[in-house]
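Read the structure below first, then the notes.
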Amino acid sequence: PVESGQRLFSQNVETSQFAAGFKGYFNLGGNEWDWDVNYVYGNNYSTTLTTGLFNTERLATALDSPGVASCASQSNCVPFNIFGGNGSITPAMLNYVLYEDHSIVAVNQRDYTANLNGSLADLPAGPLGFAFGAEYLEQDGFSHPDATTSTGNTSGSVTQPTDGRTKTNAEYVEFDFPLVADAPGFKMLDLDVANRWSQFKWFGGAPGQPGSTTVHTANASTARAALKWQPLDTLLVRASWSQGFRAPSVSDLFFGHSDSFPTVNDPCAVNPTPAGCPSHHTQPNAQIKTTIGGNPLLEPEKALSRSIGFVYNPEFLPGFDFSADYYKIELNNQITAIAPQTILNSCYLANNTANCGKITVNGGIITNILDTNVNIGGTRTSGVDVSTHYKLPSTSVGDFKVGLDWTFLKSFMITIPTGNALPLPQFSSTELAGTTTSFGGFPRQKANASLTWNYGDWSASWMVQYIGAMYEGCTARTLATYTSQCSDPTGFYLPTGGTGRNHVGATTYHDVQAMFHADAINTDFTFGIRNLFDKNPPAVLTAFANSFLPAFYRVPGREFYGRISVKF
């Protein structure tokens, strides 16, 4: 109702951190050893206030709905008149049905570390390096929404209260072997190997949520090997192989379940009805209610990374360097939400009964989709990173340096379960390179270029960010209603294989910054402009409740900022 005004949201976030430690050294066996012990405490506490929300239980009473207490039997209740036209809803009516939502979210972290490094022995090619360390990391957090919101009597999104804790113990050891030095074709050949042992424990979740009363544990041993070969003074060749292991975060595990309303197409609401649909559905709204949040039953992620590349510093061009690296990364058991459209398609089009159990249907209408965090098959990605920098010879007007970092994405393959687990698991792999979907944007090219200038106490920089072009699928609803918004209605879209694709153009942002250092007062004065030319992000059809992807592109508009930094 216009009489209640808009829904207003305000948030206050307090973040604090404390860090302390000791470090020192000692001599043993003729070699110096360095040690350090550290403690870090962090806290994030946020409170939010949302006004303009309706208590739907009280609204039902004020409307004298069947099955609830009558308005006449409740104190302060004024019958709610929705048929009187603009201005007929009085402040007395609103006072009974409106409520303020007060919510609190907090996260704490305590991290203890100890490290020791030195040389075990002197080898012909140099000292044998050794490092050892241990860590204990504990994180806990909670989300306490307003009582009215958590009970579901709200016109906003329903959110459950939740809390949880994770604990990590880890130990690592690392050796740096100098294999060859100052030999023909081998100015340097080093091998670095390491291993880390980790033990994880987590518990918590929303009351009654599966897995919330169980203490979950996981162990991991991850190794790494890196080889550096310098055949010439001007050339370094490098290669690495490493395993990865990531335990679910507090947010992954215990983020409270809440409502979302993404734009989704029901596969069973078309004619003819697909064979996998139990009946023909109707879809009265493009947005379908979806439950999102954490999952205490998650398993850790595992990864395998490989890379090979080189760094070149030519003697004939002092101050110049060029590097290129090929990478290939495989991530298994990836933690993410599947996406409601994928859940519907895998249920009704691929007979995945596990995902069918996440769909609630009433009267031929989908009323809810459960899309909490899960472990999917994983992702496979590969590409090339190129980097070059050049520090120009000094001039009478200052020193200049240019730089360029360019990423070329060769492949980004995501694998998700689509069919029943028996007799064998069924998975579907989709190539996402060059596309944007509900899983995110994956441009084939991204780059950052920079030009910096230094002259005495003055300095300045010009930064350019480039995001390559992508394609996205045009939904059936878009093609049927807003064909003009789809730049290529008959084109082929790779992830779905269906017709209709929209071209998301390449985007370039420019940022400038200038700084002056006042040595007499040891103070830096900085002024800058982000998005200098006021570049707007490209329109994206797959964005939720927006016209662009705010997690990927800049918020529209030019931003001015200033900063004063005083050092005592």
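Details
- Meets criteria (open to solvent by less than 60 Å² (accessible area, probe 1.4 Å), over 23 Å from the mean Cα position of the chain (by Cα) and without any contact (Cβ under 8 Å) to a residue 24 or more places away in the chain) for THR367: no
- Screening region 482-524 for residues that are open to solvent by less than 30 Å² (accessible area, probe 1.4 Å) and hydroxyl-bearing (Ser, Thr, Tyr) and picking the one that is farthest from SER450 (Cα to Cα) gives TYR493.
- Counting only strands (runs of 3 or more DSSP E) wholly contained in region 480-568, the ones carrying 1 or more residues that are under 25 Å from PRO262 (Cβ atoms) and of a type outside the set (Phe, Trp, Tyr) occupy 488-492, 499-504, 507-518.
- Of the residues making up region 129-185, those that are among the acidic types (Asp, Glu) and under 22 Å from the mean Cα position of the chain (by Cα) are GLU138, ASP140, ASP163.
- Enumeration of residues in region 540-568 that are under 21 Å from ALA514 (Cβ atoms) and either open to solvent by less than 100 Å² (accessible area, probe 1.4 Å) or in contact with a Leu (Cβ under 6 Å, 6 or more places away or on another chain) (or both): ARG554, GLY557, GLU559, TYR561, GLY562, SER565, VAL566
- Restricting attention to region 2-50, the residues that are of a type outside the set (Gly, Ala, Ser), in a strand (DSSP E or B) and touching a residue at least 60 places away in the same chain (Cβ under 8 Å) total 16.
- Filter result for the condition that a residue is out of contact with any Ser or Thr (no Cβ under 9 Å at 6 or more places or on another chain), in contact (Cβ under 8 Å) with a residue 60 or more places away in the chain and farther than 30 Å from THR154 by Cβ, over THR282, THR234: THR234
- Scope region 211-242; condition modelled with pLDDT of 95 or more and either in contact with a Phe, Trp or Tyr (Cβ under 6 Å, 6 or more places away or on another chain) or open to solvent by 80 Å² or more (accessible area, probe 1.4 Å) (or both); matching residues: SER221, THR222, ARG224, ALA225, LYS228, TRP229, LEU235, VAL237, ARG238, TRP241
- Selection within region 107-138 - farther than 20 Å from GLU32 by Cβ and either open to solvent by less than 50 Å² (accessible area, probe 1.4 Å) or touching a His at 6+ places or on another chain (Cβ under 8 Å) (or both): ASN108, ARG110, ASP111, THR113, ALA134, GLU135, LEU137, GLU138
- Boolean, LYS328 is more than 30 Å from PRO231 (Cβ to Cβ) and open to solvent by 30 Å² or more (accessible area, probe 1.4 Å): no
- Taken over region 139-151, the criterion of being open to solvent by less than 30 Å² (accessible area, probe 1.4 Å) and among the small types (Gly, Ala, Ser) is satisfied by GLY141, SER143.
- Enumeration of residues in region 208-231 that are more than 15 Å from ASN295 (Cβ to Cβ) and in a loop (DSSP other than H, G, I, E, B): VAL215
- When PHE322 is tested against (1) part of a strand (DSSP E or B); (2) of a type outside the set (Val, Ile, Thr); (3) crowded, with 17+ Cβ neighbours inside 10 Å, exactly one condition is not met: (3).
The values are calculated or read from the model by the stated rules, or taken from the named source; none is laboratory data. This one's a predicted model, so the numbers in the text were calculated from it and none came from an experiment. Virtual Cβ from ideal backbone geometry, glycine too; neighbours counted across all protein chains shown. Just so you know, the surface numbers come from the protein's heavy atoms only, side chains and all, with ligands and any DNA or RNA stripped out. Shrake-Rupley method; radii C 1.70, N 1.55, O 1.52, S 1.80 Å.
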